[in-house]
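Participant: Following this message is one structure expressed as structure tokens.
The values are calculated or read from the model by the stated rules, or taken from the named source; none is laboratory data. Values in this document were obtained by computation on a predicted structure and should not be read as measured data. In this analysis, Cβ positions are derived from the backbone assuming ideal geometry, glycine residues included, and neighbour counts consider all displayed protein chains. In case anyone asks, the SASA skips ligands and DNA or RNA and just uses the protein heavy atoms, side chains included. Shrake-Rupley method; radii C 1.70, N 1.55, O 1.52, S 1.80 Å.
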Amino acid sequence: MAAESIELVVVTPEKQLIRQRVTEVQLPGANGYLGILPGHAPLMTQLGVGELSFHDTSGKESEHLAIISGFAEVLPDRVTVLAETAEFAAEIDLARAEAAKARAEKHLVSGDTNNDWDRARVALQRALIRIQVARKYRGTSVNSR
Amino acid sequence: MPTLLDFRRRIRSVKNTQQITRAMKFVAAAMLRRAQERALAARPFAKELARVLRSTMSRISEPQHPLLAHRPEERILVIVMTGERGLAGAFNTNVLRKASDFFRANKNKKISVIPVGKKGRDSLKKAGFNVIAEYVNVLARVDFATAREISALVTDLYAEEKIDSVHLVFSEFKTVMSANLAAEKLLPVEAIRIEEESAAEQAASKVDYIYEQAAERLLDKLLPRYVETQMLRAMLESSAAEHGARMTAMESATKNAGEVIDALTLHMNKVRQAAITKEIIEIVSGASSTA
């Protein structure tokens, strides 16, 4: 067994969000969620759109972040998350996310089959994850999606 | 001979100017602090990304990617970052001079430009350069979306082989008093800059990874990100340097205004004294003639 905890670093192009010791991390990998424990083999992955959560050294589950694509590098004692966008649940503007969701849905329903469709789909995905993370943190019920 | 009233007016007007320059100095100082903080905040990402990219590239025997492809530099695209406004001392002039030095050095190549910032746009357009795109009013509030937009444009042009290299001309923020003019090559992506890397980190980058995706595919995603980060860094540096230059310029303007006021006040007092002396002489001579 290597160290009891790993260093989690979450950075976006604009700022560094997290740099602290944690005991467990859940990452939204592009091919599905990854659970990382101390002493994990070196790994490199692309990130999808999803939720990142971690347990801090006191063992309780701490903050959730909405992550929108990027990369993660896992080393035995260190997890580096290079996210394009990362927001703490508390920082998410729920109203804006809802508006974005409505907009994207409208686009999808309108049925244009040009490349806008892909963009709308991604936008919808982003909005949904934001809403999901924000709701979970605020203790409201989450619709299963 | 200017009268007392003329002096009072001039002093008042200089004082007004001084108040404006002083206010501008404080605004620039506040903006500078913010720009500096953001430039600092963006550093960890750039550093981590460069490390991840380097370790990925070292693991692919011959990295093949459109953004890595070297071609003879015949068609050069230059991104020139100036300020949006003047009153920043020699800031804009310096950047433009650096750019024209660059143009002169590559005079027999086909050059096109993308100005970022209003001042550069105006001057480059007037000089008749081939302006591919322009970005104005983006440096006041630098955000990643703009950096990404510009990067997407140039990486597309590069991948389509419409241009053979992309250079950035901008001011690197050093201190408030001085900026370092930089001309950097953005594309093709060359040796990746390593910033203060410890031996431990170097050892760590030698580890073999489990790849969730093929390394080539990762590279495909990492390289554009890297270009975006470079662009963002240049924009943040440039905006910090602009505010720094403006702050210095406004400080010296305020000081100069103070000197002008002092000189004018001295003059005004001399004139006032001369007038009083003249009056006394008139009264005395008038009194002696009637006595």
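Participant: In debye, nearest 20: dipole of chain A around its Cα centre with unit charges on the Cβ of K, R (+) and D, E (-)?
Facilitator: Details: 17 positive and 19 negative charges, 91 e Å.
The calculation lands at about 440 debye.
Participant: A further question on this structure: Based solely on its DSSP helices, what 222 nm [θ] is calculated for chain A when runs of n ≥ 4 H residues each add -39,500 (n - 2.57) and the sum is averaged over all residues, nearest 500 deg cm²/dmol? Walk me through the numbers on the way to the answer.
Facilitator: Numbers: 2 runs with 40 residues, N = 145.
Taking each H run of at least 4 residues, the total per residue is -9500 deg cm²/dmol.
Participant: Now, a different point. By what distance, in whole Å, do the Cα atoms of the stretch B:231-279 stretch along each of the three principal axes, largest value first?
Facilitator: 71, 8, 5
Participant: Quick one: if you stick a label point 7 Å off each Cα along the C-beta vector at B:Glu184 and B:Arg34, how many nm between them?
Facilitator: Inter-label distance under the simple model: 2.4 nm.
Participant: What is the distance, in nm, between label points placed 7 Å from the Cα along the Cα-to-Cβ direction at B:Glu149 and at B:Ala127?
Facilitator: Modelled inter-label distance: 2.4 nm.
Participant: Mind checking which of B:Ser238, B:Ser171, B:Ser252 has the largest fluctuation in a GNM of chain B, springs on alpha carbons under 10 Å?
Facilitator: The residue with the greatest mean-square fluctuation here is B:Ser252.
Participant: Still on this model: As a test, work out the antiparallel percent of DSSP beta bridges whose residues both lie in the protein assembly as shown, rounded to the nearest 5.
Facilitator: Numbers: 45 of 68 bridges.
Within the protein assembly as shown, antiparallel bridges account for around 65 percent of the total.
Participant: Can you give the FRET efficiency for B:Ser285 and B:Thr93, using 1/(1 + (r/R0)^6), R0 = 51 Å, r = Cβ-Cβ distance, to the nearest 0.05?
Facilitator: On the way: r = 60 Å, r/R0 = 1.17.
That gives a FRET efficiency of 0.30.
Participant: Restricting things to alpha carbons, find the Rg to Rh ratio for the protein assembly as shown using the Kirkwood radius for Rh. Write out the running numbers ahead of the final one.
Facilitator: Working: Rg = 29.8 Å, Rh = 25.7 Å.
Over the Cα atoms of the protein assembly as shown, Rg/Rh equals 1.16.
Participant: Once every DSSP H run of n ≥ 4 in chain B is given -39500 (n - 2.57) and the sum is divided by its residues, what mean residue ellipticity at 222 nm do you get, rounded to the nearest 500 deg cm²/dmol?
Facilitator: On the way: 6 runs with 178 residues, N = 291.
Result for chain B: -22000 deg cm²/dmol, rounded to the nearest 500.
Participant: Counting partner chain Cβ atoms within 10 Å of every residue's Cβ in A:11-19, what's the average? Walk me through the intermediate numbers first.
Facilitator: Details: counts 9, 5, 16, 9, 8, 7, 1, 0, 1.
If you average over the peptide's residues, the count of other-chain Cβ atoms is 6.
Participant: Right, another one. Want the number for B:Val136 to B:Glu160: 0.36 nm per residue separation, take away the alpha-carbon distance, what's left?
Facilitator: Values: separation 24, 0.36 × 24 = 8.64 nm, distance 2.54 nm.
Result: 6.1 nm gained on full extension.
Participant: Could I ask something else about it? Identify the GluC sites (Glu not before Pro) of the stretch B:1-97 meeting these criteria: DSSP loop state and at most 16 other C-beta atoms within 10 Å of the C-beta.
Facilitator: On the way: sites: B:Glu37, B:Glu48, B:Glu73, B:Glu74, B:Glu84; in loops: B:Glu73, B:Glu74, B:Glu84.
Loop-located and lightly packed - B:Glu73, B:Glu74.
Participant: Nearest 0.05, what FRET efficiency do B:Lys174 and B:Ala215 give at R0 = 41 Å with Cβ-Cβ as r? Could you put the intermediate results ahead of the total?
Facilitator: Working: r = 37 Å, r/R0 = 0.91.
After rounding, the FRET efficiency stands at 0.65.
Participant: Could I ask something else about it? For the stretch A:6-89, place one equal point scatterer on every Cα, skip the solvent, and apply the Debye formula. What is log10 of I(q)/I(0) at q = 0.18, 0.20, 0.22, 0.27 Å⁻¹?
Facilitator: Debye curve over Cα of the stretch A:6-89, log10 I(q)/I(0) at q = 0.18, 0.20, 0.22, 0.27 Å⁻¹: -0.64, -0.81, -0.99, -1.54.
Participant: Have a look at B:Ile283, B:Val142, B:Ser239 and report the one farthest towards the positive end of the charge dipole of chain B, computed about the Cα centre with Cβ charges (Lys/Arg +1, Asp/Glu -1).
Facilitator: B:Ile283
Participant: Using every pair of alpha-carbon atoms in chain A, split the distances into 5 Å bins beginning at 0 and state the percent of pairs per bin, rounded to integers.
Facilitator: Using 5 Å bins, I get a P(r) of 2, 10, 18, 21, 18, 14, 8, 5, 3, 1, 0 for chain A.
Participant: Here's another thing I want to ask about it. Please report the base-10 log of the normalised intensity I(q)/I(0) for chain B, using a Debye sum with one equal scatterer per alpha carbon and no solvent, at each q in 0.11, 0.15 (1/Å).
Facilitator: -0.75, -1.14
Participant: With all protein chains present, calculate the accessible area of B:Thr229 using a 1.4 Å probe and round the result to the nearest 10 Å².
Facilitator: Solvent-accessible area, nearest 10 Å²: 10 Å².
Participant: Further, regarding this structure: Out of B:Ala249, B:Val166, B:Pro66, whose Cα points farthest toward the positive end of the dipole of chain B (charges: +1 Lys, Arg; -1 Asp, Glu; placed on Cβ)?
Facilitator: B:Ala249
Participant: Further question on the same structure: So if I take the centroid of the Cα atoms in the stretch B:254-291 and the same for the stretch B:1-52, what is the distance between those two points in Å?
Facilitator: 38 Å
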